[in-house]
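S.K.: One structure, pasted below without further comment.
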Amino acid sequence: MRIMSQVAMVMNLDKCIGCHTCSVTCKQTWTNRDGVEYVWFNNVETKPGLGYPRGYEDQERWKGGWELDKKGRLRLRSGSRLRRLATIFANPDLPTIDDYYEPATYDFDQLVHAPAQDDFPVARPKSVITGKNMDIKWGANWDDDLGGSPDIAHLDPNLKNMSSEVQMSFEQTFMFHLPRICEHCLNPACVSACPSSAMYKRVEDGIVLVDQDKCRGWRMCVSACPYKKVYINHQTGKAEKCTFCFPRIEAGIPTVCSETCVGRLRYIGIVLYDADGVEAAASIEDETKLLDAQRDLILDPFDPEILREARRQGIPEDWLKAAQESPIYKMIHTYKIALPLHPEYRTMPMVWYVPPLSPVLDVTEKLGKDNTNADDVFHTISSLRIPMEYLASIFTAGDVDVVSGVLMKLAGMRTYMRDLTIDGTVREEVLEKMGMTGDEVEEMYRLLAIAKMSDRYVIPQAHTERAAEMASWASGCSLDGPGGPGMSAASTRGGKVSLTLQRRRPE
Amino acid sequence: MWNNFWFMIFPYIALAIFIVGHIWRYRADQYGWTTRTSQTLEKKWLQWGSPLFHFGALFAILGHVGGLLIPQSWTRALGISDHLYHTIAVAAGTVAGVVLCAGLIILLIRRFAYSDRVKVVTTKWDYVLYIVLTAEIFVGMWQTVAINVFGEGYEYRGTISVWFRQLFILQPDVSLMAGAPMWYQLHAILACVLLAIWPFTRLVHVWSIPVAYLARPYVVYRRRYAVDKPTPREREGARSSR
């Protein structure tokens, strides 16, 4: 057994209001540079919808993630290593800028500098890449809040897996927001596809990073990631991705997206896992068994055997303590309410989601029932295929029972706490259906509804015994150095990002 | 006099720049050491042009290695007649050359005419590289087609190849090159120019062919602070910060 610690995240989707604050603050922090204008390490998409980049969940098309070959061995969906090298001159599965969107700005200079004339000056949209006039046809969240969905939503790849198609008619519409960052997978496809070994998973905290000095721009990571969370910086020709804000995590503070989340829906904590078991867990044939396999990889931080072994392997004491206090472990293991995004990709993603109850509540209400009544909600959960099937195709590889179980717990907690708060009634029959004790439900309620920052983020500081030595090397950031991002003379632009359009104009 | 410069002095200058330039670039600019892929910006033309160009170039390089490094006496000893060798070499060379040229033309149109996006990420060194490389490839193609396919042919293995090998023992016989047709001379000079600009262009990606990938475990783990020696850049940084 090789015990490693992993920084993981859980997002409680019922709390997401789709305000995009996480995306904006992330972009301001990490991708406000040339070459990554189109890149959102964190994005929020509306489901049902196409997502970003468009239709990324369609792995028949993009060939992301893993699959089992005929002999049942795990291999990347894009084929063998040899095939990847054979297609190195042109990667057939690579999305282009049009699959994301062409970033645009407006010619505001025109409004200020246009000479006096009869016609009112207008600010035309200009491509941030070429500086030329363009028509804006798509964006990172074009179908936000189901905008344009009569035309767009039926293209959602998740609907392909459903037996009955979702009618996007007004009466039956449901939706929820899905914030996404890099999953920092236990079995990362991007790392496995990188021909130059520039991508790696950190032993200490499991964060997946790109070594900017080693990346040679073979761009196999971009197509191999089924979540499309590795991007090409088209100025440097190198891959960039979400860093889990590692400089913040190392200091024991949450990521920018978490810290600025208005709905306080994100949780960060440590889990311990068995690195030797990852391949076997990801190779399980039945896709619906992958969720349990993934849960079982995560080790019990209270088990004395595990603790002894972890200490022997050099995991520091404060990290073990953090693993025991981890809100992530509670939601994955104790309450079993957090689910991974698309476990069938076999990457063992480490950003988990508490599925949203709101689509079910919406439908309950539209059926003329009381969505504060547990029985009515339970009935909706157990009898309505939509949206349960839809949620299952996203979070449990199609296993509706698992999603139903989680939503039952959430609905049960909601009504149990409601009655308890209003007149002190203890609804034993609800507890029975949930399979939990009253104390457990209250504790879960506390964590989901009113947890303070110190409960939501349990992040041990990195051990920096060698930090002084590192500082003496003054290695700095790859993006520093003469000439701004990329000290290479081959970087055409770079430097500080100006906010006006002038520098974008073709010479 | 000029023959002495181009075929005795210049190759060594080019080679020196090639070697020193690479050492400098590798130490100073790991961040710039990349293919500078533009496939995210334009895919349709690239997926035809790039494989044609690269596979054509690989075959052409293989042909050059065979023609320049393997002495005539060796193939004769194997019982391959000069005529047979020449026929095979010209035929294979023409195929490789046509593939290479087709790819190059597609890539040139893509970069300089078709795609505004790719134009934006084209650097000054890219222009230099494209001019030299295009000239070199078309001169090479011209000598194959005009002299060897339609012309009377030229037996370079007894002259140019010998001169080329002599370069490595530091005793080049310039007269061997001086007697070669003008197109061959030009091809050799351009090749030296290409070597000289190589380390400063995106061509450095050639040395990063990731063959080690085939024998590596899928997932790469790394410790936060590497326990082994600092990288050249880190050493560089330590020096300048003192």
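S.K.: Nearest 5 is fine: what % of DSSP beta bridges in the protein assembly as shown come out antiparallel, could you say?
M.R.: Details: 31 of 38 bridges.
Close to 80 percent.
S.K.: Explain nothing, just compute: Karplus ³J(HN,Hα) = 6.51 cos²θ - 1.76 cosθ + 1.60, θ = phi - 60°, for every residue of the stretch A:386-397 in order, whole Hz, x for Gly and Pro.
M.R.: 9, x, 4, 4, 5, 4, 5, 5, 8, 10, 9, 6
S.K.: Now a separate question. Work out which GluC sites (Glu not before Pro) in chain B are exposed loop sites (DSSP not H, G, I, E or B, at most 13 other Cβ within 10 Å) and give the longest gap free of them.
M.R.: Counting at most 13 other Cβ atoms within 10 Å as exposed, the longest clean stretch of chain B is B:1-151.
S.K.: For chain B, what are the DSSP H helices with axial Cα length of 30 Å or more and mean Kyte-Doolittle hydropathy of at least -0.5?
M.R.: Both cut-offs are met by B:46-69, B:82-109.
S.K.: Considering amide H positions built from the backbone, and no H for Pro or chain starts, which residues 5 or more places from A:M199, or on another chain, come under 5 Å of its amide H?
M.R.: A:D211
S.K.: Sticking with this structure for a sec: Across the stretch A:412-429, in residue order, what do the Karplus-derived ³J(HN,Hα) couplings come to in whole Hz, using 6.51 cos²θ - 1.76 cosθ + 1.60 with θ = phi - 60° and x for Gly and Pro?
M.R.: Each residue's phi maps through the Karplus curve to give x, 4, 4, 6, 4, 5, 4, 5, 4, 6, 5, 9, x, 5, 9, 8, 4, 5 Hz.
S.K.: Let me ask you something else. What does the C-alpha gyration tensor say about the overall shape of the stretch B:1-70? Classify as rounded when a/c is under 1.5, otherwise prolate if a/b is larger than b/c, or oblate.
M.R.: Since a/c reaches 1.5 but b/c is at least a/b, the shape of the stretch B:1-70 is classed as oblate.
S.K.: Taking the Cα centre as origin and putting +1 on Lys and Arg beta-carbons and -1 on Asp and Glu beta-carbons, what dipole magnitude results for the stretch B:9-214, to the nearest 20 debye?
M.R.: Dipole size: approximately 720 debye.
S.K.: Just from its helices, what would the mean residue ellipticity at 222 nm be for chain A, if runs of 4 or more DSSP H residues each count -39500 (n - 2.57) and the sum is divided by every residue, rounded to the nearest 500 deg cm²/dmol?
M.R.: Computed ellipticity for chain A at 222 nm equals -8500 deg cm²/dmol.
S.K.: Inside 10 Å of the C-beta atoms of A:85-93, what's the mean count of C-beta atoms belonging to other chains? Don't jump to the answer; show the numbers that get you there.
M.R.: Details: counts 5, 2, 2, 7, 14, 13, 7, 2, 0.
Average neighbour count from other chains, rounded to a whole number: 6.
S.K.: When a/c is below 1.5 the answer is rounded, else prolate if a/b is larger than b/c, else oblate, so apply that to the stretch A:1-68 with a ≥ b ≥ c taken from the square roots of the Cα gyration tensor eigenvalues.
M.R.: It is rounded, given that a/c, with a ≥ b ≥ c, falls under 1.5.
S.K.: Report the FRET efficiency, 1/(1 + (r/R0)^6), for B:H64 and B:T123, where r is their Cβ-Cβ distance and R0 is 35 Å, rounded to 0.05.
M.R.: Once the sixth-power term is evaluated, E becomes 0.80.
S.K.: Right, next: Taking the Cα centre of chain A as origin, work out the dipole magnitude from +1 charges on Lys and Arg Cβ and -1 charges on Asp and Glu Cβ, in debye rounded to 20.
M.R.: Using Cβ point charges on Lys, Arg, Asp and Glu, chain A gives about 1920 debye.
S.K.: Moving on. Sequence neighbours fewer than 8 away in the same chain don't count; with that in mind, list the aspartates and glutamates whose C-alpha is under 13 Å from A:K433.
M.R.: Within the straight-line cut-off, A:K433 pairs with A:D375.
S.K.: What do you get for trypsin sites (Lys or Arg not before Pro) in the stretch A:1-99 restricted to DSSP loop and a cutoff of at most 12 other Cβ within 10 Å of the site's Cβ?
M.R.: A:K70, A:K71, A:R73
S.K.: Another question, then. Would you mind computing the Rg to Rh ratio of the protein assembly as shown from its alpha-carbon coordinates, Kirkwood style for Rh?
M.R.: In the protein assembly as shown, Rg relative to Rh is 1.04.
S.K.: Residue by residue through the stretch A:234-245, what is 3J(HN,Hα) from phi via Karplus (6.51 cos²θ - 1.76 cosθ + 1.60, θ = phi - 60°)? Round to whole Hz and write x for glycine and proline.
M.R.: 6, 7, 8, x, 10, 7, 9, 7, 3, 9, 6, 6
S.K.: Hey, if you drop one equal point scatterer on each alpha-carbon of the stretch B:9-214 and run the Debye formula without solvent, what base-10 log of I(q)/I(0) do you get at q = 0.11, 0.13, 0.17 Å⁻¹?
M.R.: Cα-only, vacuum Debye calculation for the stretch B:9-214: -0.60, -0.83, -1.32.
S.K.: Using Cβ counts within 10 Å as a stand-in for footprinting exposure, how do A:F108, A:F244, B:F168, B:F18 rank, fewest first?
M.R.: Values: A:F108 13, A:F244 27, B:F168 10, B:F18 16.
Lowest count first: B:F168, A:F108, B:F18, A:F244.
S.K.: While we're looking at this one, here's another question. Cβ under 11 Å from A:I181's Cβ, A:I181 left aside: what net charge do those residues give with Lys, Arg +1 and Asp, Glu -1?
M.R.: Once all neighbours under 11 Å are counted, the net charge is +3.
Just so you know, all these numbers are worked out from the coordinates, no wet-lab data involved. Since this is a predicted model, take the numbers as computed values, not measurements. Using ideal geometry, Cβ is built from the backbone for each residue, glycine included, and neighbour counts are taken over all protein chains shown.
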